[in-house]
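S.K.: I am attaching a structure below and will ask some questions about it afterwards.
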Amino acid sequence: MAMKFSKIGVVGAGTMGKGIAEMLAVNGLDVYIVEQTDEKLDQALQMIEMSLNKQIEKWAITETEKKIILAKIHRAEHINQLSDCDMVIEAIVEDFAAKKQIFKELDQYCSPKAVLASNTSSLSLTELANGTTEPGRVIGLHFLHPVAKVQLVEIIRGLKTTEETYTHTRDFVEQTIQKTGIQVYESPGFVTTRLICTLINESLHTLAEGVASAADIDTAMRMGYGFNYGPLEMADRFGLDSVYAAMERMFREFGDIKYRPSFLLKQMVRVGKLGVKTGQGFFQYDKDGGRL
């Protein structure tokens, strides 16, 4: 029997969290967002409103639709206010200890029927689930940025994820939020992070060797292979620190030299050129993330 999803909790309202919250509200779901501080939550809600305003300017939605979407997004002061959610999606930074703590709390407060999902791009779902009393209901839901535009969601099964949890989650992805889900068995970096980071790393080696300029490497992949962004701009948009952390993690887990982060990536992170979030990476960006 299909599970009905109407109330969804989102823990963490950074870039991914607020994108997920907005997308859920657009799909008519009631969303409850939890953040560490009131200021962070205020900021996230302002950013969601700004995003909707941009869509009004482009004639994509009306003022009335914006009001309906915003009315679906609710503040939750504490994780215990997510107790009657049908699903909770954790979207905080890629910090294993912090995520594990959140799953412990969710396990304590949420209904036993609720699905507990993580938007992690590379951490072990099995290990995250180990701190809970019901690891069978823990699953990975890896959305890609920008959440509204990318139709793909990786549905990651931990070693203890039950068939029922997987089926409910796949139905949620394909029917409730109308995206395409792919089934991924747990492995460092899953499918998307593993493949894209390897491409980005190889682009960095190509740049460091002076084979071609950053702009020309990106043009080659955009025009030659139909990428929306070239690999270096992609790295800027992911955040070079995030790419570096993912590469380090895969290098450690697989022990294969192809995952060893390029020295150029290390240097960029050291000097604080992290891409869009600092306005400067391989390219320059304005405060809205547009290329200069």
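S.K.: Tell me which residues, restricted to segment 245-264, are buried (at least 23 other Cβ atoms within 10 Å of the Cβ) and either more than 21 Å from Thr15 (Cα to Cα) or hydroxyl-bearing (Ser, Thr, Tyr) (or both).
M.R.: Met250
S.K.: Hey, another quick one. Of the conditions (1) touching a residue at least 24 places away in the same chain (Cβ under 8 Å); (2) small (Gly, Ala, Ser); (3) not in a helix (DSSP H, G or I), Ser187 fails just one. Which one is it?
M.R.: Every condition holds for Ser187 apart from (1).
S.K.: Would you point out which residue out of Val138, Val147 is buried (at least 16 other Cβ atoms within 10 Å of the Cβ) and either within 20 Å of Met3 (Cα to Cα) or at pLDDT 95 or above (or both)?
M.R.: Val138
S.K.: Say whether the condition of being surrounded by fewer than 19 Cβ atoms within 10 Å (Cβ to Cβ) and closer than 23 Å to Asp171 by Cα is met by at least one residue in segment 97-107.
M.R.: No, segment 97-107 has no match at all.
S.K.: Here is a further query. Please work out if Thr167 is surrounded by fewer than 16 Cβ atoms within 10 Å (Cβ to Cβ) and in a helix (DSSP H, G or I). I'd like the intermediate steps shown before the answer.
M.R.: Numbers: surrounded by fewer than 16 Cβ atoms within 10 Å (Cβ to Cβ): yes; in a helix (DSSP H, G or I): yes.
Yes: the conditions hold for Thr167.
S.K.: So Ile139 clears everything in (1) over 27 Å from Ile48 (Cα atoms); (2) out of contact with any Lys or Arg (no Cβ under 6 Å at 6 or more places or on another chain) except one condition, right? Which one?
M.R.: Against the list (1) over 27 Å from Ile48 (Cα atoms); (2) out of contact with any Lys or Arg (no Cβ under 6 Å at 6 or more places or on another chain), Ile139 comes up short only on (1).
S.K.: Now a separate question. Tell me, which residue of segment 261-292 that is of a type in the set (A, V, I, L, M) and either within 20 Å of the chain's Cα centre (by Cα) or within 19 Å of Met247 (Cα to Cα) (or both) is modelled with the lowest pLDDT?
M.R.: This residue is Val276.
S.K.: If you don't mind, another one. Test of understanding: among Asp288, Asp236, which residue is among the acidic types (Asp, Glu) and assigned to a loop (DSSP other than H, G, I, E, B)?
M.R.: Going through Asp288, Asp236 in turn, just one is among the acidic types (Asp, Glu) and assigned to a loop (DSSP other than H, G, I, E, B): Asp288.
S.K.: Can you pull out every residue in segment 75-109 that is in contact with a strand residue (DSSP E or B) (Cβ under 8 Å, 6 or more places away or on another chain), outside any helix (DSSP H, G or I) and without any contact (Cβ under 8 Å) to a residue 60 or more places away in the chain?
M.R.: Within segment 75-109, Arg75, Glu77, His78 meet the criteria.
Residues are listed down the side, and each one gets a yes or a no for (1) surrounded by 13 or more Cβ atoms within 10 Å (Cβ to Cβ); (2) in contact (Cβ under 8 Å) with a residue 24 or more places away in the chain:
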{"position": "Lys18", "(1), (2)": "yes, yes"}
{"position": "Gly28", "(1), (2)": "no, yes"}
{"position": "Tyr32", "(1), (2)": "yes, yes"}
{"position": "Gln36", "(1), (2)": "no, no"}
{"position": "Glu39", "(1), (2)": "no, no"}
{"position": "Met50", "(1), (2)": "no, no"}
{"position": "Glu57", "(1), (2)": "no, no"}
{"position": "Ile73", "(1), (2)": "yes, yes"}
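Okay, residues lined up against (1) in a loop (DSSP other than H, G, I, E, B); (2) touching a residue at least 24 places away in the same chain (Cβ under 8 Å); (3) within 19 Å of Pro146 (Cα to Cα):
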| site | (1), (2), (3) |
| --- | --- |
| Ala220 | no, no, no |
| Arg249 | no, yes, no |
| Val269 | no, yes, no |
| Lys277 | no, yes, yes |
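S.K.: Looking at Thr206, Thr198, Thr169, Thr126, which is the one that is without any contact (Cβ under 8 Å) to a residue 24 or more places away in the chain and either over 15 Å from the mean Cα position of the chain (by Cα) or more than 24 Å from Ile79 (Cβ to Cβ) (or both)? Steps first, answer last, please.
M.R.: Working: Thr198 fails: without any contact (Cβ under 8 Å) to a residue 24 or more places away in the chain; Thr169 fails: without any contact (Cβ under 8 Å) to a residue 24 or more places away in the chain; Thr126 fails: without any contact (Cβ under 8 Å) to a residue 24 or more places away in the chain.
The conditions single out Thr206.
S.K.: Further, regarding this structure: Could you list, in sequence order, all residues of segment 172-204 that are charged (D, E, K, R) and touching a strand residue (DSSP E or B) at 6+ places or on another chain (Cβ under 9 Å)? I'd like the intermediate steps shown before the answer.
M.R.: Here is the first cut: in segment 172-204, the ones charged (D, E, K, R) are 174, 179, 186, 194, 202.
Once the filter is applied, which keeps residues that are charged (D, E, K, R) and touching a strand residue (DSSP E or B) at 6+ places or on another chain (Cβ under 9 Å), segment 172-204 yields Glu174, Lys179, Glu186.
The values are calculated or read from the model by the stated rules, or taken from the named source; none is laboratory data. All values derive from a computational prediction rather than experimental measurement. Here Cβ is always computed from backbone atoms with ideal geometry, including for glycine, and neighbour counts include all displayed protein chains.
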